[in-house]
Amino acid sequence: MIDYRVDGDGIAVVTWNVPGSPVNTLNDAATTAYVAAVDKALADPAVKGIVVTSAKSDFIAGADINDFLADRSVAGLEAGSRAINRVFRRLETAGKPMVAAINGTALGGGLELALACHYRIAADSPKTRIGLPEVTLGILPGAGGTQRLPRLIGVRAAVPLLVEGTRLPVADALKLGILHAVVPAAELLHKAKAWILAGGKAEQPWDRKGFRVPGGNPGDPGVQEFLSVVIAKVHERTAGNYPAPINILSCVYEGMSSPIEVGTDIESRYFGVTAATVQAENLIRSGFLALNDARKLKRRPAGVPKAEFRKVGVLGAGLMGSGIAYACAKAGLDTVLLDREPAMAERGKVHSDKLLTREVERGKLDAAGREATLARITPTVDYAALTGCDIVIEAVFEQRDIKAEATHRTAEATGPDILFASNTSTLPISGLAEHWPRPDNFIGLHFFSPVHRMALVEVIRGRQTSETCLAQALDFVARIGKTPVVVNDSRGFFTSRVFATYFEEGMALLAEGVNPALIENAGRQTGMPLGPLAVADEVALDLVHKIIVQTRADLGPSYTPPVSAPVIELFVEKLGRVGKKAGKGFYDYADGQRRLWPGLAEHFPRAARQPDVGSVKRRLLHIQSVEAARCLAEGVVESTTDADVASLLGWGFPAWAGGVLSYVDTIGVDRFVAECEALAASVGPRYAPPDILKRLVGTGTQLRAAGR
Ligand code: CAA
């Protein structure tokens with residue numbers, strides 16, 4: 001776990017190598033072994049100094065994140081931080097020079113351990129990242145980071161890194177003074193030892209007489225002004241949903257005029273209360289662990305050999321098809337991009353050209369990389385070009401007959417044994433699968449726009465989709481660097497169905513006479529990326545209108561249109577304001593600006609009594625979660641985690657709530673059900689909570705624990 005060796009020059013090399021994990025974490029056993037190794041070096045008079053490094057490709061990834069879920073008490077979490085703070089302080093003041101030889105990424109507690117060393121030297125690698133990303137987990141650096149970083153590089157440089165959780169390349173960390181040196185990897189240990197042998201001192205700047213935190217005099221009006229601007233920005237960004245960044249600022253402010261021991265005690269106090277919040281639990285459980293599991297296909301059907309992909313076909317070179325082709329080519333796959341018209345197919349390739357050119361301009365790709373990626377895309381109108389594809393993804397117009405024709409023609413070219421996927425967002429998969437000779441090899445792969453930015457792919461299992469097809473489709477999604485969530489076939493699948501409730505509710509509020517600015521502000525204050533009316537404009541009202549018409553035709557009298565249908569019909573049929581793509585919808589889009597359309601007041605007269613913002617926020621979030629719970633009850637999604645991941649990646653459901661079903665536990669099941677029942681009575685039956693929730697009331701069981 002921790003290797004200890006003393007070389008002929010009297011340098012102890014302490015090497016982290018935590019077994020059973022791809023990364024080193026400061027779990028209890030590893031930390032205890034580390035401290036024992038350093039103590040051994042301190043006690044050995046033959047040892048002149050200590051070099052800390054790692055045998056893995058990364059240095060140390062921080063605390064073991066799972067440990068924060070084990071004991072959720074404020075006292076327990078505070079005690080953990082206090083213990084590590086005391087031990088780092090003891091080692092830093094024990095009198096022997098310590099060098100962190102940072103061979104790879106050092107994050108969180110890993111960097112904090114290094115900050116408690118007297119010298120930090122890193123191997124030069126473009127992959128290495130240095131930072132304190134705790135804020136992204138809803139917690140704060142609890143091993144001295146909020147105290148040592150400002151003391152080392154000054155308050156003004158440290159605060160943005162702490163509140164944003166920035167992961168710096170080594171060159172930037174060097175420039176800021178977090179690192180003392182960056183050297184070629186092969187020289188790392190040698191240079192680390194050389195610093196000690198050249199007389200490197202066991203001293204920290206903050207222990208020098210008369211030390212003051214740079215830019216950290218609390219009486220200085222410049223400092224006050226700087227911090228108040230940061231506080232205002234944090235509030236604007238987080239709308240009070242995330243306590244961690246504000247608590248980090250409190251640690252810095254309260255600690256900066258105190259001795260470091262006092263500062264780290266302050267930090268431990270804030271660490272306890274911050275790490276115990278439900279937001280921290282949600283960000284750790286869903287934002288980190290569940291996303292990691294989804295990305296790594298932890299629930300892929302076992303026993304199916306991993307599929308390899310070399311050549312992909314994409315049918316339809318519109319917005320989605322060309323985005324999918326780009327993602328495939330970027331992942332190194334030969335990509336055939338087929339459309340009816342040669343010019344359309346070519347235009348689809350131009351989409352990739354534009355994205356790649358932008359990457360070159362930003363220095364993220366070289367010209368040769370751009371050329372190589374572009375060369376992988378073959379635009380064509382000839383189905384014969386699909387021969388040899390391992391998978392074909394259909395992204396043609398959302399019309400059954402057009403899709404059916406494209407499916408038949410592909411089968412003629414490729415034979416029936418390859419995977420065939422439809423990117424439909426509206427048509428049930430099982431029906432489309434009938435057009436493929438082997439419906440067991442047919443699956444839905446629902447990408448999101450813009451494809452190059454959106455990580456999620458909703459993988460839709462049709463009635464006949466085989467486990468092999470599912471497993472291999474998951475392999476494909478992972479191969480192109482996206483994150484899959486598996487859902488079962490149904491109308492609107494999961495993502496579109498639940499997300500739609502958000503903007504439909506916005507329209508319902510508008511129709512009730514609620515001030516549109518209030519609706520939009522409330523939406524943003526929940527942490528959703530856009531207000532519901534702005535979202536409706538982005539999605540395009542004519543598309544939503546078309547889905548309503550299609551569903552009405554499919555289902556007949558049993559269909560209940562969404563509550564927003566009259567508003568959508570008004571906007572599409574009478575006003576011709578279909579959304580952002582037309583330059584007009586609920587908003588006017590002129591000069592790159594978005595302004596609520598003044599005509600809204602005429603069509604939706606304001607109600608005399610306006611609701612408070614809290615109740616609008618509640619409606620906008622509750623409606624999504626109640627619909628998601630229905631999807632869970634119906635088996636559209638199979639777990640609360642799948643629902644959470646789909647909502648976080650698919651439509652930006654607020655991460656503080658952990659995703660659309662963790663939100664129910666965040667509120668508390670009893671309260672959520674009671675509030676939904678009240679809304680069902682006052683607003684409409686769409687809020688009626690399903691039995692899957694009602695059964696839990698009074699049991700003290702979380703949905704997360706009870707969900708399938
Ligand atoms: N705790 C527990 N598990 C961790 C972990 C951590 N800090 N960091 C990574 N892992 C796990 C991952 O979950 C993953 O698990 P599986 O093998 O089960 O999939 C495995 O290690 C490998 O991780 P990645 O797949 O992410 O590997 P990567 O090479 O792509 O990235 C990494 C490596 C950059 C370190 C990335 O894992 C990462 O960003 N980790 C989180 C770092 C972090 O947030 N640290 C702060 C921790 S909190 C803290 O330190 C508080 C404090 O003040 C003491």
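Tabulated results
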| quantity | calculated |
| --- | --- |
| Alpha-carbon gyration tensor eigenvalues x 5, square-rooted, for the stretch 213-365, Å | 49, 24, 14 |
| Computed magnitude of the charge dipole of the stretch 2-276 (debye, nearest 20; Cβ of K, R +1, Cβ of D, E -1) | 480 debye |
| Cβ crowding within 10 Å averaged over residues, with 493-500, 412-419, 131-138, 549-556 ranked highest first | 131-138, 493-500, 412-419, 549-556 |
| Angle in degrees between helix 221-238 and the longest Cα principal axis of the chain, rounded to the nearest 10 | 30 degrees |
| Kirkwood hydrodynamic radius of the chain, from inverse mean 1/r over distinct Cα pairs, in Å | 28.1 Å |
| Candidate aspartates and glutamates for bridging to LYS56, where Cα separation is under 15 Å - those fewer than 8 sequence places away on the same chain excluded | ASP3 |
| Helix axis angle, 74-92 relative to the chain longest principal axis, alpha carbon, degrees | 40 degrees |
| Listed residue pairs exceeding 21 Å between alpha carbons, taken from LYS311/LYS482; LYS354/LYS584; LYS296/LYS364 | LYS354/LYS584; LYS296/LYS364 |
| Peptide ranges 396-407, 423-434 listed from the most packed, as the mean C-beta count within 10 angstrom indicates | 423-434, 396-407 |
| Residue order, fewest to most surrounding Cβ atoms within 10 angstrom, among LEU107, LEU42 | LEU42, LEU107 |
| The stretch 14-77 and the stretch 500-540: distance between their alpha carbon centers, rounded to Å | 48 Å |
| Antiparallel bridge percentage (DSSP; both residues within the stretch 311-490; nearest 5) | 15 percent |
| For the chain, calculated [θ]222 nm from helices alone, where every DSSP H run of n ≥ 4 adds -39500 (n - 2.57) | -14000 deg cm²/dmol |
| Nearest-ten-degree value, helix 541-555 long axis tilted from longest Cα axis of the chain | 60 degrees |
| Sequence of LEU197, LEU365 once ranked by neighbouring C-beta atoms within 10 Å, starting from the fewest | LEU197, LEU365 |
| Farthest toward positive dipole pole in the chain [+1 Lys/Arg, -1 Asp/Glu at C-beta], among PHE672, LEU693, GLY272 | GLY272 |
| Whole-Hz ³J(HN,Hα) from phi, Karplus 6.51 cos²θ - 1.76 cosθ + 1.60, for the stretch 633-648, glycine and proline x | 4, 7, x, 5, 10, 9, 8, 5, 5, 4, 4, 4, 4, 4, 6, 5 |
| Between the stretch 410-474 and the stretch 101-146, the Cα center-to-center distance that results, in Å | 43 Å |
| Sequence of MET256, MET1 once ranked by neighbouring C-beta atoms within 10 Å, starting from the fewest | MET1, MET256 |
| Debye, to nearest 20: dipole size of the chain, +1 on Lys, Arg Cβ, -1 on Asp, Glu Cβ | 920 debye |
| Dimensionless Rg over Rh [the stretch 311-490; C-alpha; Kirkwood] | 0.95 |
| Restricting the stretch 1-77 to trypsin sites (Lys or Arg not before Pro) in coil, as DSSP defines it, with at most 10 other Cβ within 10 Å | none |
| Relative packing of peptides 119-130, 643-654 - highest average C-beta neighbours within 10 Å first | 643-654, 119-130 |
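Where a number appears in this text, it was derived from the coordinates with a stated rule and is not lab data. Predicted, not measured: the structure shown is a model, and the values here were computed from it. Note that we place each Cβ from the backbone using ideal geometry, even for glycine, and neighbour counts take in every protein chain shown.
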